[in-house]
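A.B. asks: This is the structure I want to talk about, given as structure tokens.
What follows draws every value from the coordinates through simple rules; no lab data is involved. Just so it is clear, the model here is predicted, and its values are computed rather than measured. Don't worry about glycine lacking a Cβ; one is built from the backbone with ideal geometry, like all the others, and counts go over all protein chains shown.
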Amino acid sequence: MADLRMYLTSLEPDISQSILSQSIGGFISNTPLYPEAVLDSIVGLYDTSFVLKSPSSGSWAEWEGITHISINGELMRIGSLADGAVTVAQRGVNDRIRVHVVNDIATGVSLKELFNDVFNDEYKQYRCIAVKNVSSGADPSNETTANNLRIYVDVNSRNSGSNIKVAIEIPQSQYIAGIADSVTYNSSTSIPTLVDTSLINVYENNLFNGSYLKILSGENAGQGRIIRSFSSSTGIFVFEGVFTADANASYEVFPAPAQRLKNGTISPVINSNTGSFLKSSNLNKLSVELNLGQNISGDSGALDINNIFYLWIEKTVTKGEPSFDNNSVSINIDYNSVIG
């Protein structure tokens, strides 16, 4: 199965995001939205209990308040969870039931801390989540591309005047990786550059502006910079900052960031990269089919390895309702897989 995971967003690239309410666009962070563990037992189509291995990071305390578990796109409502032992109250909450095997990733789902009680004059607030395909292509038989994607939102509200809407933002550019012909730094102009002639006339001028490039090997290994410009005719990236001169260094360019809000009460701009907010007529369930378009990957509506899209969430409460602290909300991504 393709492996899709959700991450908080941050003002800076390649860092952890410790404040959930600051997930309001920008770069994909290193912090998963939900806690994760792996299966310690097979889960058949009719099984209603299973065991999780101890989390690789954190502890079971992070799973307190978890109401659902997602495995391979199947969303389950749990009855109990104690030290990794799970009983299931309902399989296939999102109408998808699958067989799961040992070491499959299980994600605990709850959005109870993502929102706070700070609203705008229309009693709305906004958050941005990055959804990334983290599949490994090491085994060519692996199913690595996710297609037919659908956002599934389950709202358990204590406030009948509350609702959730979602919108999708497509990054201006997606993930690329390569080997640089050279990395240079001009001390007289204070301008560092990276040259990859294999990119000549492959991508448009300045397509990667604002994206984050990270050096993976050589003299600058582990360092990253925001791209200032990209020349299609020369394959040259220009940055701000300093790089040590080098050659044949491997690098990667992360997907372009989402628009960044000044605070969580401002609505993102609806433009050519961001669709309108959608909701379901059913208060407690929202299912939105994603139209990711050709620019997300090679196939329309598909998400390849290392590519992402941004999920904007709008939460609204009705004026006069007794409680703003309203919801237990879970978000799951439905998808099918094809061999990459």
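A.B. asks: Taking 0.36 nm per residue of sequence separation and subtracting the Cα-Cα distance, how much length would be gained by fully extending the chain between Ser59 and Ala89, in nm to one decimal?
C.D. replies: 8.5 nm
A.B. asks: Please turn the phi angles of region 210-217 into ³J(HN,Hα) values with the Karplus equation 6.51 cos²θ - 1.76 cosθ + 1.60 (θ = phi - 60°), one per residue in order, whole Hz, x for glycine and proline.
C.D. replies: Rounded to whole hertz, the list is x, 7, 9, 10, 10, 7, 9, 8.
A.B. asks: Per residue of region 242-252, in order, report the coupling 6.51 cos²θ - 1.76 cosθ + 1.60 (Karplus, θ = phi - 60°) as ³J(HN,Hα) in whole Hz, putting x for Gly and Pro.
C.D. replies: Rounded to whole hertz, the list is 10, 10, 7, 4, 7, 9, 6, 8, 7, 8, 9.
A.B. asks: Here is a further query. For each of Ile266, Ile226, Ile331, count neighbouring Cβ atoms within 10 Å of the residue's Cβ, then give the residues from fewest to most.
C.D. replies: So the residues, fewest neighbours to most, are Ile266, Ile226, Ile331.
A.B. asks: Further, regarding this structure: Taking the Cα-to-Cβ direction at Ile191 and at Ser276 and moving 7 Å from each Cα, how far apart do the two end points lie in nm?
C.D. replies: Modelled inter-label distance: 4.4 nm.
A.B. asks: Hey, can you grab everything whose amide H is under 5 Å from the amide H of Arg260? Only 5+ residues off in sequence or another chain; H modelled, so Pro and N-termini drop out.
C.D. replies: Under 5 Å from the amide H of Arg260 lie the amide H atoms of Gly26, each far enough along the sequence or on another chain.
A.B. asks: Can you sort Thr87, Thr144 by how many other beta carbons sit within 10 Å, fewest first?
C.D. replies: Ascending number of Cβ neighbours within 10 Å: Thr87, Thr144.
A.B. asks: Stretched out fully, how many nm does the piece from Leu20 to Leu45 gain, at 0.36 nm a residue minus the Cα gap?
C.D. replies: My answer for the length gained is 5.6 nm.
A.B. asks: Sorting Phe243, Phe50 on the 10 Å Cβ count, fewest up front, what's the list?
C.D. replies: Ordered from fewest to most neighbouring Cβ atoms within 10 Å, Phe243, Phe50 come out as Phe243, Phe50.
A.B. asks: Now a separate question. Enumerate the amide H contacts of Phe239 below 5 Å, restricted to partners 5 or more residues apart or on another chain; note that Pro and chain-start residues carry no placed amide H.
C.D. replies: Counting only residues 5 or more places away or on other chains, the set is Arg228.
A.B. asks: Using label points projected 7 Å from each Cα along Cα→Cβ, tell me how many nm separate Ala221 and Val269, to one decimal.
C.D. replies: 4.1 nm
A.B. asks: Oh, and also: Compute, for region 34-110, the length of the dipole vector about the Cα centre, with Cβ point charges of +1 (Lys, Arg) and -1 (Asp, Glu) only. Units Debye, rounded to 20.
C.D. replies: Charge dipole of region 34-110: 200 debye, to the nearest 20.
A.B. asks: I need the trypsin sites (Lys or Arg not before Pro) found in region 166-270, filtered to DSSP loop residues with at most 10 other beta carbons within 10 Å of theirs.
C.D. replies: Listed in order of number, the matching sites are Lys262.
A.B. asks: Can you tell me the convex hull volume per residue for region 34-110, based on C-alpha atoms, in Å³ to the nearest whole number?
C.D. replies: So the per-residue Cα hull volume is 72 Å³.
A.B. asks: Could you run the Karplus curve 6.51 cos²θ - 1.76 cosθ + 1.60 with θ = phi - 60° over region 8-24 and give me ³J(HN,Hα) per residue in whole Hz, x for Gly and Pro?
C.D. replies: Running phi through 6.51 cos²θ - 1.76 cosθ + 1.60 with θ = phi - 60° gives 5, 10, 8, 5, 10, x, 6, 9, 7, 10, 8, 10, 4, 5, 8, 7, 10 Hz.
A.B. asks: Could you please state, rounded to a whole Å, how far the C-alpha centre of region 17-35 is from the C-alpha centre of region 170-227?
C.D. replies: 25 Å
A.B. asks: For Leu216, what residues show an amide H to amide H distance below 5 Å, using hydrogens built from the backbone and excluding near sequence neighbours?
C.D. replies: Here the answer is Gly222, Ser250, Tyr251, Glu252, since their amide H atoms fall under 5 Å of that of Leu216.
A.B. asks: Take each of the peptides 308-317, 215-224, 25-34, average the number of other beta-carbon atoms within 10 Å over its residues, and list them starting from the highest.
C.D. replies: 308-317, 25-34, 215-224
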